[in-house]
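The values are calculated or read from the model by the stated rules, or taken from the named source; none is laboratory data. Keep in mind that what you see is a predicted model, and the values were worked out from it rather than measured. Virtual Cβ from ideal backbone geometry, glycine too; neighbours counted across all protein chains shown. Note: areas computed on protein heavy atoms with side chains; ligands, DNA, RNA excluded. Shrake-Rupley method; radii C 1.70, N 1.55, O 1.52, S 1.80 Å.
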4 protein chains.
Amino acid sequence: MEEIIKRAYLESLDGRRFGDKKEEVEKIREKILSAKKIVVATNNQKKFNIIKDIISKICNATITMIDIDTRFADLTRVPALNKGLMALDTETADLVIARGRLGVPGSGSMLVILDGKGRILTASLSPSSIVHRENIEDRIKKEIIEALSRIGINLEKY
Amino acid sequence: MEEIIKRAYLESLDGRRFGDKKEEVEKIREKILSAKKIVVATNNQKKFNIIKDIISKICNATITMIDIDTRFADLTRVPALNKGLMALDTETADLVIARGRLGVPGSGSMLVILDGKGRILTASLSPSSIVHRENIEDRIKKEIIEALSRIGINLEKY
Amino acid sequence: MEEIIKRAYLESLDGRRFGDKKEEVEKIREKILSAKKIVVATNNQKKFNIIKDIISKICNATITMIDIDTRFADLTRVPALNKGLMALDTETADLVIARGRLGVPGSGSMLVILDGKGRILTASLSPSSIVHRENIEDRIKKEIIEALSRIGINLEKY
Amino acid sequence: MEEIIKRAYLESLDGRRFGDKKEEVEKIREKILSAKKIVVATNNQKKFNIIKDIISKICNATITMIDIDTRFADLTRVPALNKGLMALDTETADLVIARGRLGVPGSGSMLVILDGKGRILTASLSPSSIVHRENIEDRIKKEIIEALSRIGINLEKY
């Protein structure tokens, strides 16, 4: 991963970067599919189960939820990301999956997948429940499927 | 905005927060619709025009693009957000709209709308162009429409 | 401020930036000295009083402390900075002064002064109390004096 | 480290946290002293040599400098920290040492030591050169010595 990132950084510095490259998306996929230890940054058993069920189809990994209260991440600027960092900093994991508010109260939610250094691999967004009026379990399911599909991991294949 | 955020923070602290509230989403909408000065964090005239065309339908605002090279935001962890902060810190604006990479190279893109203090109001995501293989102009159009619709601003009404 | 930052950014882009400039430090001083509303991100009356006493000597400003519990910032990566952002996002202020942990538990503390957009104007650090074994009030006093002196505001003159 | 952080987070959540603890500072020291691969986030050979000379006295580690241009970190909100993250994301290392601007132009500089996950272990600050008017090599030397001493690593002992 480090080498691929360095190559991309050098391209940006030289002004010869024209969007994501095939090998970069492949590397992200590989990182996710080969994860051995995944932590889900939630205290909610139901939400955890939904995410675990889907992720177990594509990864042969130990998947656990964290045991510290994540709701205080809501007092930060990017709650979803800070939930993920809380998990990263208190656990050893190859991958962290976090779901929380995107930004200010009212801004809806984000599901985000981080690697073991806290780098964002992929994510997906949902509108405020006020706006979508959908069942939360269905929403999370869609979010995880979408986060994976935008980097080319299609669940139907698994 | 500050009062609404404080109320939400106190709810989280007390353990009586259950998702976004109607007045919060309304406040975000109001902030966007009443903006008088909007800066778009891009150096690309084409991308700027697409965003400007759509935003002018809903806001009676001066909309400008920034004149510093934003590509170096690509060397940060959340390029889209850092592009927005670059614009925020070098311009006076009620609203900043930025589009850039979501996370690591290969992670696709994010369009994000920030207020005058740099807080995230809404956003939308696209897969890597490698994955979506769509025209960039169409993509950006979809992104801005989606970012607005997830907080209840539907362009058809305008 | 925005213009000065833009100028500095353009210098960095062009590779002709050689350290801070006199007018930049002056602008920071001016921002601090002309503040009309300052919020201190602490819930501790004693710590607040120390900071208020010193700041009132140099600013003709309303100085208040925040009424939301800031200790949860300790679950983030840069607690001092996140305390400041909590204050910024729930109050209207020209200046925010925050004091909290620098980084991981054990990393000592930081006092940081932010402007109304959340940009860092100055700061100062203290070792862990384990290491310095000093009275906390004396420490905070030293920190605020040092944070100001590093941008050329010397309290003896006031 | 993860366990120590979790313990500290739980203390904060329960309202029974009263400052840094001895074992936490010890853990930071241990992390630094046992590092095997250290990256210095600078392109300047002179600055690198100063840092390397001092660090080699306390660590039995491979110490290298990065080969991507770090000056663009100056277009971010906390340049020193973002330089460190650039090094972290493009190299494999136990420790990253970065030096750069603290905040806005004019805010002086910060030297910061990050662990392999990007967490802040310690740091030190210098005023703007405009204010201190000291030799840059002497300054960096002082900074690295101070960053280490605030977590109880005193160079005289080595």
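Below, the figures for the structure above:
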quantity	calculated
Qualifying positions in the stretch A:8-19 - open to solvent by 50 Å² or more (accessible area, probe 1.4 Å) and either assigned to a loop (DSSP other than H, G, I, E, B) or of a type in the set (D, E, K, R) (or both)	A:Asp14, A:Arg16, A:Phe18
Filter result for B:Pro79 (under 23 Å from A:Arg99 (Cβ atoms) and not aliphatic (A, V, I, L, M))	yes
A:Ile153, sole failed condition from (1) facing chain B (nearest Cβ under 8 Å); (2) not in a helix (DSSP H, G or I)	(1)
C:Ile140 vs. criteria open to solvent by less than 10 Å² (accessible area, probe 1.4 Å), under 16 Å from the mean Cα position of the chain (by Cα) and under 24 Å from B:Asp115 (Cβ atoms)	no
In the stretch B:104-117, residue nearest to A:Arg150 (Cα to Cα) [restricted to those that are out of contact with any strand residue (DSSP E or B) (no Cβ under 7 Å at 6 or more places or on another chain) and within 8 Å of chain A (Cβ to nearest Cβ)]	B:Gly106
C:Asn135 open to solvent by 10 Å² or more (accessible area, probe 1.4 Å), in contact with a Leu (Cβ under 9 Å, 6 or more places away or on another chain) and more than 8 Å from chain D (Cβ to nearest Cβ)	no
Contacts under 7 angstrom Cβ, first residue in the stretch D:135-158 being without any contact (Cβ under 8 Å) to a residue 60 or more places away in the chain, partner part of a loop (DSSP other than H, G, I, E, B), 6 or more apart	D:Arg150/C:Gly108; D:Arg150/C:Pro127
Options C:Thr92, C:Thr70, C:Thr62, C:Thr42; residue that is within 14 Å of chain A (Cβ to nearest Cβ) and of a type in the set (Ser, Thr, Tyr)	C:Thr70
